[in-house]
Every structure is written in C-alpha cells, then in structure tokens.
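Okay, so here's the structure we're looking at.
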Amino acid sequence: MTGAPLPEPAPSPTATDAGVPSTQRAARPRWRETLGLLARNPTAAAAGLVLLAIVLIAVFDETLAPSGPNEISVEDRLQAPSLAHPFGTDDLGRDILSRVVLGAGVSLRVGFLAVAFALVVGSLIGLLAGFYGRWVDDVLMRFMDVLFAFPAVLLAIAVLAVRGPGAGNTALAIGVVYVPVFARVTRASVLGVREEVYVRASRSVGASDFRLLTRHVLPNAAPPIIVQTSISLAFAVLAEAALSFLGLGTQPPNPSWGLMLAEGRGFIDIAWWLAFFPGIAIFLTVLCFNLLGDGLRDVLDPRQRTLMAGGGR
Amino acid sequence: MTEDVLVSARGLEVHFPIRSGGALRRTSGVLRAVDGVDLDILRGETLGLVGESGCGKSTLGNALLRLVPPTGGTVTFDGTDVTSLDRRGLKEMRRRAGMVFQDPFASLDPRRTVAQTVSEPLEVHGLRSGGRERAARVAELLELVGLDPAVAGRYPHEFSGGQRQRVGIARALAGEPDFLVCDEAIASLDVSVQAQVLNLLRRLQRQLGLTLLFISHDLSAVRHIADRIAVMYLGRVVEVGPADAVGSDPQMPYTQALLSAVPVPHPELERSRKRIVLRGDVPSPAAVPSGCRFRTRCPYAFEPCPDVDPALQPVGAPGQLAACHLHGVVGRPVDSGEPVAARD
C-alpha cells in the first residue's frame, strides 16, 4: 500500500465523501502506466530499444544476414573487417556479421526458453510454497535448496551430460539452474501479499484458493518476478555462451555467440575480430537486459511509482 | 431465549500456538485470543461488540465466519454448524455472511477496478450470469452505498477513505447476505466520514433487514447503532445486554470502567464525570489469570475470583447477562491441574 494519504477534496460544510473524484481521469491500464514511466527513465528506455532491435534481428536473422552462416570461402579466410565483410571473416572464410546475426537467434532462443521454463516452474513452486506455507513450504523449498547447493555451471553440465548437447537441452539445463531463483523470489513476494487484507476480503466472499492465487496473489506479487525475469535473461544468454564455449551447448557448425568466442580464441593474436564481435554482442545484450531490469525495478516499486508520477497517487 | 437466533457461538476458542523459531518449531505457549465465548446474535438485530484493542474482538468476528479456524467450541449459522461445513457449505455460508474490514486502504486489491472488486462475489457464486447483468448489479450496489455508478471503472487509489469503505460495503453486500460483520469498519476514517458510514450501515441494516455484528472500540458509535452490546475482555464476553441497559447500568466492573472513560459532550457534565481508572495493564492473552480474568485489575476482587471462572448470569435489566461473582458465585471452579498464569 502507498503510505502517503490520498488527497481529500477541499472540506466544506456540505462536503460528502460520496460521489466522483473530480480531479482524476479514468484510470489507464497498469501496464500502459508502467511503460509510460519506463519511457521517462532514459537508460532503461535506451536498453529497451536496443533489446527490441536485437530481438528483431534474431527474428529476421535469415533475411538480414548478408550471406549464409556456413558458406565456406577458402580464398576469403581470416579477412579483416572491410566493406565486403564488415565484421571480417573467420578461418573458414565465413562471414562473421552473418554468423553474429544468426547467433542472435540461437542465443536469444535458448535464453528465452530457459527463462520461460524457470519462470513457469519456479514461480509455481514459489507461489504454492509461499501461499500454503507449513509442510508444503518446507518440502518445496528444501528441494530448491538442494538445487541451489550445486554450482550453477556444474548443475547445467550435469543436465547436459545426461541429456546430451543441443539447443533444447541447453535451454533446459539453464532453466533448471534458475528454477530455485524464481521460486525464492516468488515465495518472498507471495509471503507479503498473502497477508494483505484484500486477500482475506476475497476469501470472506467465498473465493476459492485458485481464484485467490490467480486473481489477487499472483498479480500483486508479480513486480519482483518481472524484474527477475529481465535480469535472468541476461544471465541465461551468458550461460548459453559459457556452455557453448565449453563445447556443451550449441554444436558447430551452428553459430552461437559463445561458440564463436571459443572458436575465435585460437586466432586472437592474428585475427581479433573473430572473438571481438560475438563478444560485443553478448556484452550489449546482457548489459541491456540488466539495465532494463533495473529500470523495471524502479518503476514497479509502488513508492518509487508515487514519487515519479509526481506524488498523490 | 425464545427469540430467533441467527448466529450462535458456544464455548468458542481460538488459540494460536506461540512458536519459538528454528526448524523444529517447538510450541512454547498458547495465545488465547478467543477463550470460551458464548454469544447469540439475533436475526435482524445490530449487536455491538466492544472491548480494548487486543481483547479478541476481531478474532471473534473472523472466527464466526471461519476466516480464522476455531480451535474449540462451536459456531452455528442459521442452524448449521459452521465448524464442520464442507467446502461447498462454507462457500454458501460466505455468500450469506459478509465482512467489512477496518482499513479501507488495505482491503481493496489495488490492481482491480471497483467493478471487478464489487462483482467478485457475483462471479464466485455464479449470481447474475452475463457481463451486462453483472454490470447492472454492480451499478445497483454502488448506488445503494451512495456512490456514483460511473466510478465502476476506476481503481481504489483514486478514492478517499470513506469512498473506499463504501466500495468495501458494496462488495460485502453483493452476495445478498443475511449477516454482516463490520470489523472496526469506521475506525480508520475521519470523524466526519465516520458518521456518514455509520448512518449508511444503519440505513442498509434497516433497508435490507441485515443482522449486523458491529465490532468497535468506540463506545459512542456502538451506542448509536447497536440494539444490544456485548463487552469483551481478554478473549471472553464478560457482559451482554440491551444497548440502553449495558450503556446506562453496566453490571460488570470492567464495563463500568470502560463506560466511565467515554467523554461526555457537555462541558459541565464532563467536568463532573467520575472516571474509574483501572490499575495495571491488560494481562497477556498468553498468560490469562485463573478464575475471573478481570480479577487482577478489578477494584472489587474478593475470595472466589481466583478460584471460580465466572459464567454469564442474568442480572439487571431483562436480557442482560454479566460474568461477575458480585452477583453470586456462578461458574466453573478452576481445577488445580490446569496451568495457571504466574501472578502474586
């Protein structure tokens, strides 16, 4: 709840508390308000625009890439950046720009899939644990603690060792690692919301647990989860790169930023562009997801919202 | 009593375990929020429930609707045992019994519009199928509580406290309940708005034939609205009776002290008002005194008080009951085996 008192209409002898609040316009949907506030935060807005561009590139990778990512051209190998090949070529004469563009599709797809898995499974676990408490909480969260106890990369490697490499399995491996993160964030948020009077009020009119969870608890517990999603996307892209770098994620000859980084490592002293451009792509994507996450955190905090909207709301 | 009882509590107990931290969660004590309440609420009446903060008024109100699970005793609502209702029965009971909460800033979901909030009971109970009929019903309800139906699309943060409380009342009325628990419903409102909401509740009670449990620590408000008054002290109803009788001729020393604390809106009378100032503080509900729970602060405490737990007995006006040994020692002797709070 907002701590600040609401503006009361000017008191007059005949003032009544009934009727329409005259000074305020009809409410806009929350998400539009959120977007509006986000746009006023230049850093977050810029990060959002860059991410939008990256996503668009990832979606239209086939059309945007100047040449096929696996087109080998022996006479063009290890070319420095030029007009013909703006990002240069690798040791097999493949166009780096095309591979970075197609790598965006691979990296983001794995990242989104991984976070989607972690979001759905982790939030559900956190929601149930936080709402029901007692033994449900104990059982679910101890299980999450076990997952947490493994180092993230080790856990992902274990999943991939069992299921074999590949984009889908990479996403699953990264997703499993982030399930406990979402479970904890969701549980913490739900613990606060479930004690709210409006949840009890809804129960008092006969609402079922399912209704309480979906209509009241989850929407009000959502802001930290949204922030976590944005920040986890950054980590997921990074994790995909790391796993591919280790040879466990995307398999050659498919382009992935992490894999390109690994392949370029051997040529770093004679052809810096092999590792440089995929590295920049990873850096930019991760940075933007983090900046957007920070911006969302500011905007979704009710107290911040009050300050930024100019008070009184 | 021959009158028509709608809600009845017998020996109702709500005890919360006090848990010490740690993974093993040992129970280190019991908080007796409600501790053996006997209370009848008659159909169509307004019963005022008063007492200091922390005496268990709100817990009692919540326990009557099973929003807090009772740990002992029974609650009957219109003849059915509330404590043993199945899921379906409980849902229907909650349609027939509504609740208005204390803090109108906390009791409305900030992410839902007024229309969504007010129509929730309609959706939950499948009343008025179809969006248009529900919208019409919401408009009707908003008008009933004195709000412009045009505000249906707005969010709670756009309203003042009094307006929000009206929305909360509209929600409580949506299922066409017989029984309404108003849990400190006016306590967090401005004084001028308090009167408006109080009058609204009284009007609705008459217009809709509601049975009202009006929980408040504000004795003046309760005397204004209630037909009968019940006084609670440390988890127990210690006096109950017609509002006039309890208000003007209280039979229990605690009620006398409570009433003497109410300011009189007349300078001369106020100056001559005699206050009974109780010594000490309310004992903790985790360590309730043996026998009469008021004895540690009662100016008239005598021999039987620590040994016999007083029961409500008819005293004073017709229909007036008080739990006090001054009117004759009636009650259950304290058996020596029971843990008794350390005192003296």
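Readers should treat all values here as calculations from the given coordinates under stated rules, not as data from a laboratory. The structure displayed is predicted, hence computed values, not measured ones. Glycine gets a Cβ as well: all are built from the backbone with ideal geometry, and neighbour counts include every protein chain shown.
For this structure, a couple of remarks:
- Under the condition of being more than 14 Å from the chain's Cα centre (by Cα), assigned to a strand (DSSP E or B) and either without any contact (Cβ under 8 Å) to a residue 12 or more places away in the chain or at negative phi (or both), the residues counted in segment B:30-51 number 5.
- Test: residue in segment B:295-317 that is of a type in the set (Lys, Arg), surrounded by 14 or more Cβ atoms within 10 Å (Cβ to Cβ) and over 19 Å from B:Val246 (Cβ atoms): yes
- Criterion applied to B:Val114, B:Val118, B:Val100, B:Val138 was being without any contact (Cβ under 8 Å) to a residue 40 or more places away in the chain and crowded, with 18+ Cβ neighbours inside 10 Å, and the one residue passing it is B:Val138.
- Yes/no for B:Gly72 being surrounded by 23 or more Cβ atoms within 10 Å (Cβ to Cβ), closer than 28 Å to B:Val231 by Cα and either within 14 Å of chain A (Cβ to nearest Cβ) or in contact with a Leu (Cβ under 9 Å, 6 or more places away or on another chain) (or both): no
- Matching residues, segment B:114-129, being more than 13 Å from A:Tyr198 (Cβ to Cβ) and facing chain A (nearest Cβ under 8 Å): B:Pro121, B:Val124, B:His125
- Residue in segment A:219-239 that is farthest from A:Ser189 (Cα to Cα), counting only those that are among the hydrophobic types (A, V, I, L, M, F, W, C) and surrounded by fewer than 19 Cβ atoms within 10 Å (Cβ to Cβ): A:Ile226
- Members of segment A:40-58 that are surrounded by 14 or more Cβ atoms within 10 Å (Cβ to Cβ) and in a helix (DSSP H, G or I): A:Ala44, A:Ala45, A:Ala46, A:Ala47, A:Gly48, A:Val50, A:Leu51, A:Ile54, A:Val55, A:Ile57, A:Ala58
- Enumeration of residues in segment A:189-222 that are more than 8 Å from chain B (Cβ to nearest Cβ) and either touching a Lys or Arg at 6+ places or on another chain (Cβ under 8 Å) or small (Gly, Ala, Ser) (or both): A:Ser189, A:Gly192, A:Leu212, A:Val217, A:Ala221, A:Ala222
- Qualifying residue in segment A:85-100 (condition: among the β-branched types (Val, Ile, Thr), assigned to a helix (DSSP H, G or I) and out of contact with any Ser or Thr (no Cβ under 9 Å at 6 or more places or on another chain)): yes
- Among the residues of segment A:233-263, the ones that are outside any helix (DSSP H, G or I), under 16 Å from A:Val176 (Cβ atoms) and under 20 Å from the mean Cα position of the chain (by Cα) come to 1 in all.
- In the set (1) more than 10 Å from chain A (Cβ to nearest Cβ); (2) touching a residue at least 12 places away in the same chain (Cβ under 8 Å), the condition left unmet by B:Ser84 is number (2).
- Failed criterion for B:Ala172 (all others in (1) closer than 30 Å to B:Asp281 by Cβ; (2) touching a strand residue (DSSP E or B) at 6+ places or on another chain (Cβ under 8 Å) hold): (1)
- A:Leu78 being in a helix (DSSP H, G or I) and either loosely packed, with under 15 Cβ neighbours inside 10 Å or not hydroxyl-bearing (Ser, Thr, Tyr) (or both): no
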